[in-house]
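Have a look at the structure below before the remarks.
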Amino acid sequence: MTPKTLLSDNRMQAALLLGPALIIYAVFALYPMVDVVGLSFQKWNGLDANKAFVGVDNYVSIFTKDPVFWGAFRNTVIWTVLSVIFPPLIGLLLALGLNQPIFGRNSLRAIFYLPVIIAPIAVATMWRWMYDPFFGLFGQLLTQFGLQSWIQDWLGNRDLALYSAFIAHLWQSVGFSMVLFLAGLQGVNKTLIEAARIDGAGRWNVFRYVTFPALKTTITIVLVLSIISSLKAFDIVYGLTGGGPAQSTQMLALWAFTQSMQIFDFGRGSAISVVLLAITLAVVVPYLRWTQKREEIEQ
Amino acid sequence: MTSILNTVRMSAAACSMLLLAPTLAQAQDITLWTLNFSSQASNDAMQKIATDFEAANPGVHVEIVTRGVDDHKTALRVAAGSDKGPDIYFSWAGLGLGGEYIKAGLSLPLDKYYAQYKWDDELVPAAASFSKIYEGGRQGVPFTFKGEALYYNKGLFEKAGITGEPANYDELVADAEKLKAAGIPAITFGGTVNWHVMRLMDVILEAKCGIEKHDALMNMTASWATEPCAAASFAELDKWSKNYILSPFMGIDNAQSFNLFTAGRAAMMLEGDWLVQQLSEAGNLDDHGVFPFPTGTKRLYGFAEYNYVSTKSQNPDIAAKFLDYFISTPVQQAALGSFSTTSINKNVVYKDLRPLDQKWVDIFNQHDQVFMNGDQAFPLDVTTEYFRVINEVASGNMAPADAGAALQTFIGNRS
C-alpha cells in the first residue's frame, strides 16, 4: 500500500486527525487520572523520594478520622442540588424572556452572559467586597433603607456563608444556562407553536405542550453540565471563603486541593479526588444512559 | 627524548587544566532560591548583595532565582525529590513548612559554620534561636525576624481612661473591659485568613500556660484534652470574641481589619513590626503606640524567615561564606530597611528612627527568647485543624471546653 493510498483511507485519515488530540488527552487527562488513583493508595508528602503503599488507609482516614470530609461532602451535595435547580430555572426564564422580540434584546443577552466570561476568582473578589459587612455594597444599601439590623456577616456566619457563595456562583453561571436554552429555543418548531395557538392554547399551554418537550435535550445537557460543574466547584468558594469559616463552606474539590497542595498529603488528597470522581460518575453515567435510551425510544 | 617527554607532560598538564577549568568555574557557582518579594527594594537589595559578594570573591558566581510563594514551595518539593536544586533556599523557621523540608533532609546542619564564622556574635539572639529547635543540629541562618505585638490607638485608650500600657494579662483584660464600657471595640481581627485570629489564641496560650506547658502543647507532647490551661485559653478566646473583638470579624480579612483599625473603629491590633510602615503610609503613625502582648513570660511573639544550605549543594562552603557575608554588619547596615524594619544583625546601628521603629528596636533588645506563631510551630495538617478549632470557638460554634479534646483527637489520629 503506497502512502497515497494509505492517506486516502478514511480510517487512516480519522486516526491522523484524532491522533494528536488523543495523545494530549492521554498525557494530560488519562495518565493523571490513573496516577491519582494509584496515589490514593500511597502515602506521599511530595518530598520523599519513595511513596509508601498504605492500602486503603487514606480512605479509612478520610471516612473515619477527617473532621472536615463529611462536612465537605454535605456542602458539595447541597451545592449540587442548588446548582441543578436555580441556574437552569433562572436561565430558562431569562431565555424565554429574551426570546421575545423586545427592545434591546441582544444587549440584554450580552449583559446577562457577561459574568460567564469573567474569571471565577475575579468574581469572588468582587463579591467579597460586596459582602463586606462594614464597607460592602449590601451593607450600604441596607443602611440607606434603614435596615442596618439586617446586615449580616454574609461570609463569616457559617449558617449563611455557603448560600452567600452560591448566590455569587448563581450570578456568574446563570448566563451559561441562558445561552444554551436560547440555542434550544431556536430549534422549537414555530409551525407547531402557531398551530397550538390556532387551537386555542394559551401561553402556558404552548410552553407546556410544545416548547418544553422540544427543549428536553437542551434541559438534559444543562442539567448534566450543571451537575458536573457543581461537583467540581472550587474557585469561587476558594476566592470567597477559602472553605471557611471553620471549614464550614469546604467542598470536596477544594478539600482535595487543600490536602494535596497546602497540607501536602497527596495520598489523602488523591483519595478525596477519587471519591469525587466516583460520585460524579455515579450520577452522570446512569443519567446519560437513561436519557439516551429515552431519546431512542422517542425517536 | 627528555624534551619530547617534557613537552608531552606539559601538554597533558595543559589539557588537564583546560578540562578542569570549567569544573573549577562551575565549582564556584552557587544558586540561591528565594521569593520574588513584593517590595522591589528587597529584590534589588538581594541582587546587590550577590553582586557585591561576587566582586569580593573573584571567580564566584551567585545566581538568584526568585519565584512566587507557591511556585517556590513547589520547586523546593521537586528539588527535594531529585539530586538537583539550589545551594541555598529561603524558607520559614519552625516545625511547619520550613521544618518539613528539614525533616525530609533538604537542609544541611550548620553547626560547623556557626562555630567557624561565630555567627552567634552577630545575630540577634531571638532571631537565631529558631536555628536550634530542630533535631540533628543547627539549621539555617536568619534572613529576617518579625516580632508581633499589640498596636493601640492612643486617642481611644485615652477616651476609655486607660493611662498606661498593661503590665500583665489581667491588666490587658481590664483595659479591654474599660474600652468596652466606653463603647469601643478593644481589638480587631480578620477571620477569613485563619492565621489572624490564631495570633490571639497563640498569645493567650502563652499567657495562660507559661513557657513549659505552652511549648509542650505546641510540640504535641502534652495533651490538649487534659491540660487545664489549654481549656482556660480557649475559654479566654471565647471571652475575647464575644466581648472585645470588633464584630463581625469572621467574614473579613486582615486588610479590612487594618482599615477598620486605622479608621478608629477598634482600639488595638495584634500585628507585626511591618505594620509601622503601613501605618506611616496611612498617615497616622503618631496616633499609635505598641507594646508586647503581656504574656508574663518575657518571651516575644514572632517568627523568622531563614536561608538554609541545601544538602544537595556541591559547594556548601561557598554557600556558608555567602550567608556569612549576607548577615555581616556592613552588609546588613547597608540593607537596613530593605528586608525588614530591623536587622537580624545585633550590631547594626539604628539612626533617626521613627518613634514606633525605635520602640520595636527596644522590644527586640529586651527579648532574647521567642515563641512562634502556631502555624509555624505545628506541622501543616495540625495547623489546619488548629485553625478550624480556633475559628469554631471564636464564632461561637464550639464550646471552649470541647475545643482541646477536638484538637487532641486529631493529633491522636495522626499516623
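The set of residues from the stretch B:241-269 being away from every other protein chain (no Cβ under 14 Å) and either of a type in the set (Val, Ile, Thr) or crowded, with 21+ Cβ neighbours inside 10 Å (or both) comprises B:Tyr244, B:Ala267, B:Met268, B:Met269.
Scanning the stretch A:32-42 for residues that are surrounded by fewer than 19 Cβ atoms within 10 Å (Cβ to Cβ) and either small (Gly, Ala, Ser) or within 12 Å of chain B (Cβ to nearest Cβ) (or both) gives a single hit, A:Gly38. The residue that is surrounded by the most Cβ atoms within 10 Å (Cβ to Cβ), counting only those in the stretch A:157-172 that are within 14 Å of chain B (Cβ to nearest Cβ), more than 16 Å from A:Ile121 (Cβ to Cβ) and touching a helix residue (DSSP H, G or I) at 6+ places or on another chain (Cβ under 7 Å), is A:Ser164. Of everything in the stretch B:64-86 that is facing another protein chain (nearest Cβ under 8 Å) and farther than 16 Å from B:Leu35 by Cβ, the residue that is nearest to the chain's Cα centre (by Cα) is B:Ala80.
Of the conditions (1) at pLDDT below 95; (2) part of a strand (DSSP E or B), B:Leu356 clears all except one; give me its number. Here B:Leu356 meets the rest and fails (2). Candidates are the residues of the stretch A:253-265 that are at pLDDT 90 or above and in contact with a Gly (Cβ under 6 Å, 6 or more places away or on another chain); the one that is nearest to the other protein chains (Cβ to nearest Cβ) is A:Gln259. Scanning the stretch A:120-142 for residues that are touching an Asp or Glu at 6+ places or on another chain (Cβ under 9 Å) and more than 9 Å from every other protein chain (Cβ to nearest Cβ) turns up A:Pro120, A:Ile121, A:Val123, A:Ala124, A:Phe138, A:Gly139. A Cβ distance below 6 Å, combined with a sequence gap of six or more or placement on separate chains, defines the contacts here; from the stretch B:91-115, residues that are without any contact (Cβ under 8 Å) to a residue 40 or more places away in the chain reach residues that are surrounded by fewer than 22 Cβ atoms within 10 Å (Cβ to Cβ) in the pairs B:Ala104/A:Leu47; B:Pro109/B:Gly136; B:Pro109/B:Gly137; B:Asp111/B:Gly137; B:Asp111/B:Arg138; B:Tyr114/B:Arg138. Within the bounds of the stretch A:143-153, is there any residue that is closer than 28 Å to A:Thr76 by Cα, surrounded by 21 or more Cβ atoms within 10 Å (Cβ to Cβ) and within 9 Å of another protein chain (Cβ to nearest Cβ)? Yes, there is a match, as at least one residue in the stretch A:143-153 is closer than 28 Å to A:Thr76 by Cα, surrounded by 21 or more Cβ atoms within 10 Å (Cβ to Cβ) and within 9 Å of another protein chain (Cβ to nearest Cβ).
How many of the residues making up the stretch A:154-164 are basic (Lys, Arg) and over 18 Å from A:Thr76 (Cβ atoms)? Talk me through it step by step, then tell me what you get.
From the stretch A:154-164, those basic (Lys, Arg) are A:158; that's our starting set.
Of the ones still in play, those that are also over 18 Å from A:Thr76 (Cβ atoms) are none.
Result for the stretch A:154-164: 0.
The lone criterion from (1) at pLDDT 95 or above; (2) part of a helix (DSSP H, G or I); (3) hydroxyl-bearing (Ser, Thr, Tyr) left unmet by B:Thr383 is number (1). Only one entry of B:Phe339, B:Phe364, B:Phe371, B:Phe293 meets the criterion of being closer than 21 Å to B:Ala45 by Cα and either of a type in the set (Phe, Trp, Tyr) or out of contact with any Leu (no Cβ under 7 Å at 6 or more places or on another chain) (or both), and that entry is B:Phe339. Listed by first and then second residue, the pairs with beta-carbon distance under 8 Å, at least 6 apart or on different chains, first residue in the stretch A:62-73 and more than 9 Å from chain B (Cβ to nearest Cβ) and free of Cβ contacts under 8 Å to residues at least 12 places away in the same chain, second exposed (fewer than 15 other Cβ atoms within 10 Å of the Cβ) and aliphatic (A, V, I, L, M), form an empty list. Within the stretch B:298-343, if we keep just the residues that are among the aliphatic types (A, V, I, L, M) and under 20 Å from the mean Cα position of the chain (by Cα), the residue that is surrounded by the most Cβ atoms within 10 Å (Cβ to Cβ) turns out to be B:Val309.
Considering the stretch B:137-166, and only residues there that are in contact with a Pro (Cβ under 6 Å, 6 or more places away or on another chain) and surrounded by fewer than 19 Cβ atoms within 10 Å (Cβ to Cβ), the residue that is nearest to B:Glu177 (Cα to Cα) turns out to be B:Pro166.
Selection of the stretch A:230-252 for residues being part of a loop (DSSP other than H, G, I, E, B) and within 14 Å of chain B (Cβ to nearest Cβ) yields A:Thr241, A:Gly242, A:Gly243, A:Gly244, A:Pro245, A:Ala246, A:Gln247, A:Ser248, A:Thr249, A:Gln250. Taken together, the residues in the stretch A:46-56 that are more than 7 Å from chain B (Cβ to nearest Cβ) and either under 30 Å from the mean Cα position of the chain (by Cα) or on the phi > 0 side of the Ramachandran plot (or both) amount to 2.
The values are calculated or read from the model by the stated rules, or taken from the named source; none is laboratory data. Keep in mind the model is a prediction, meaning the values are calculated, not measured. Virtual Cβ from ideal backbone geometry, glycine too; neighbours counted across all protein chains shown.
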